[in-house]
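The values are calculated or read from the model by the stated rules, or taken from the named source; none is laboratory data. Since this is a predicted model, take the numbers as computed values, not measurements. Cβ: placed from backbone, ideal geometry, glycine included. Neighbour counts: every protein chain shown. The protein model used for the area step is the full one, side chains on, heavy atoms only, and it has no ligands, DNA or RNA in it. Shrake-Rupley method; radii C 1.70, N 1.55, O 1.52, S 1.80 Å.
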Amino acid sequence: MPADWYADESFWSISYSFMFSEQAFETAIGQVEKIIELTGVRSGAVFDQCCGPGRHTVPLAKRGFKVTGVDRTGFLLEKARAYAEAEGVEVELVAEDMRRFVRPGAFDLALNLLTSFGYFDDPAENQTVLENVYRSLKPGGVFVLDTVGKEVLARIFQATGSDELEGAGLLVQRRKVIEGWRRIENEWLFIAEGEVRTRRLRHWLYSAQELRQLLAVAGFTEVEFFGNLDGAPYDSEASRMIAVARKV
C-alpha cells in the first residue's frame, strides 16, 4: 500500500461524487452554523485545513468570515474556487501540505473536518500538523477537529460496505483494523460502466484520551470532546469525535 495515498490526485477525482455529493454540500452549510454555536467564534479569520472542495470554506465566507482554505490537491482546490465564484464570495485558497502550512498568530478559528487527520505513516508528522494549527491560531483561538473516534468505530465497525450514487456507480469498501487498533486500512472499489478501479488508503485511529495527549503536546491546554457538532456528550451514543481545543 502506498504510504502517500492521499497525494494521488486520481483518488480524489474518482471518489469525488461519493464523498462530495450535493447533499454533502448542503449539510455543510448547517454544520458551519453548528460550529459557530459550539465554539462561540462569530467573526474573524478562519483556517480551513484540508479544505477540499470548499464545503465549509465557502459557507463560512458567506457568513462574513475571512477564510483561508488549504489543501494539497489541485483538483479539489479548483472545485473550491469554482464554488466560491458561483456563490460570489472571496476566499483565499492555498495549495500546500498540512505538514508545512503555518501562519503564526493569524486565525481566530481553525478547522480539520471529515477525518482529515492521521494520514501520515510517521506519527511525528501527524503531531506536526497539530503544532502547525496551534502556531497559526491567535491567543484565544479555537481549533475544531472532527474524526471517527476509536470508541465510535469499535461500536459500529463493519468489515464491508457499499454506497450507490446515481450516475456515479457503486463504491464498495473493505475495511480492516490493524496494528492492535492503531490504524485502519480501507480498500475502495469504484464500479461503473463495467469497469472496476481500486484505491487503498490507511490512517491512524485515536481515542479521545490519545487525541487529548497529542493536542496537549501541541500546546493546547483546554480541550473538550463532543459526540457531534450539536454538542452532544462524547459517550456510548456518539456518532463522531469532535475535539474543541482552545489556545490560551
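Couple of notes before you dig in:
- Scanning segment 66-82 turns up one or more residues that are in a loop (DSSP other than H, G, I, E, B) and not acidic (Asp, Glu).
- Selection over segment 2-20 of residues that are open to solvent by 30 Å² or more (accessible area, probe 1.4 Å) and not in a helix (DSSP H, G or I) gives a count of 4.
- Screening Gly69, Gly64 for residues that are on the phi > 0 side of the Ramachandran plot and not hydrophobic (A, V, I, L, M, F, W, C) leaves exactly one candidate, Gly64.
- Against the conditions (1) open to solvent by 10 Å² or more (accessible area, probe 1.4 Å); (2) touching a helix residue (DSSP H, G or I) at 6+ places or on another chain (Cβ under 7 Å); (3) not in a loop (DSSP other than H, G, I, E, B), Arg42 satisfies every one except (3).
Matching residues to (1) β-branched (Val, Ile, Thr); (2) open to solvent by 30 Å² or more (accessible area, probe 1.4 Å); (3) assigned to a strand (DSSP E or B):
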position	(1), (2), (3)
Lys138	no, yes, yes
Gly161	no, no, yes
Val177	yes, yes, yes
Val196	yes, yes, yes
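- Test: Leu165 is open to solvent by 40 Å² or more (accessible area, probe 1.4 Å), in contact with a helix residue (DSSP H, G or I) (Cβ under 9 Å, 6 or more places away or on another chain) and either of a type outside the set (Ser, Thr, Tyr) or on the phi > 0 side of the Ramachandran plot (or both): yes
- Scanning segment 198-221 for residues being part of a helix (DSSP H, G or I) and without any contact (Cβ under 8 Å) to a residue 12 or more places away in the chain gives a total of 3.
- Considering segment 66-99, the residues that are open to solvent by less than 10 Å² (accessible area, probe 1.4 Å) and touching a residue at least 40 places away in the same chain (Cβ under 8 Å) include one that is farthest from Ser136 (Cα to Cα), namely Leu76.
- The listed residue being aliphatic (A, V, I, L, M) and either open to solvent by 50 Å² or more (accessible area, probe 1.4 Å) or within 30 Å of Gly40 (Cα to Cα) (or both), out of Ile184, Ile191: Ile191
- In segment 214-244, the residues that are open to solvent by less than 10 Å² (accessible area, probe 1.4 Å) and over 20 Å from Gly141 (Cβ atoms): Gly227, Ala238, Met241
- The single condition among (1) touching a residue at least 24 places away in the same chain (Cβ under 8 Å); (2) within 30 Å of Ser207 (Cβ to Cβ); (3) open to solvent by 40 Å² or more (accessible area, probe 1.4 Å) that Arg63 does not satisfy is (2).
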